[in-house]
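I have placed the structure first, in the form of structure tokens, so that the comments after it can refer back to it.
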Amino acid sequence: MANILRRVSKSINNWRLLSSSRVLLEHPRSTYTYSSFLFSNNNHRSSKCFSSQTSNFDGLTSQGPAAIDYSALLQEDEFHKLADSTIHDLLEKIEEYGDSVDIDGFDIDYGNQVLTVKFGSLGTYVLNKQTPNRQIWMSSPVSGPSRFDWDQTAEAWIYRRTKAKLIETLESEIQQLCGEPIKLS
């Protein structure tokens, strides 16, 4: 990746900054996406400059997240209703699970719209709402940070990069951490 960025920086005067959302380099044959700024070759302005596409620099392949359809975002009141319901259901079911397994340091806390679940030395989960993005964000000791969007068709919170569902991800990871299955749905 560093070699790629060095090569890009050498020819940067041929590229133009378009947005601060990600790096997208357009070449006559391909479009290349990276993570901080959006660039476009001044000679190749087209709609593909604004889409995530597979990149391939010397065999290095990377896939960015799917584009956001802003017209499909939930209205704020509907988002709060769905997110609050999901987080409260998780709170209740994880509390019950904590009562049934013996984990030193198990603690669950919900305050300021943030759910924190401590599994002692096994790690801590943090789930919270991100209203401007209409997402539920999760920090996991197993998989790291994830941002889940509501998918109306699946009627579930989905991580766009992997298509993983929030509930299924938590069930799998908690069982992996604690050795006991948990049913959150």
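For the stretch 100-171, which GluC sites (Glu not before Pro) are in a loop by DSSP, counting at most 14 other Cβ atoms within 10 Å?
Hits after loop and neighbour filter: Glu155.
So, in nm, how far is label His88 from label Tyr110 when the simple model puts each one 7 Å beyond its Cα toward the Cβ?
0.7
Report the Stokes-Einstein translational diffusion coefficient (µm² s⁻¹, integer) for the stretch 71-178, Rh taken as the Kirkwood radius over Cα pairs, at 37 °C with viscosity 0.692 mPa s.
230
Along the Cα→Cβ direction, 7 angstrom out, place labels at Val101 and Lys81. What is the inter-label distance in nm?
3.3
Bear in mind that the values in this text are calculations on the coordinates, not laboratory data. Remember, predicted model here, so these are calculated numbers, not experimental data. Backbone-built Cβ (ideal geometry, glycine too); neighbour counts: all protein chains shown.
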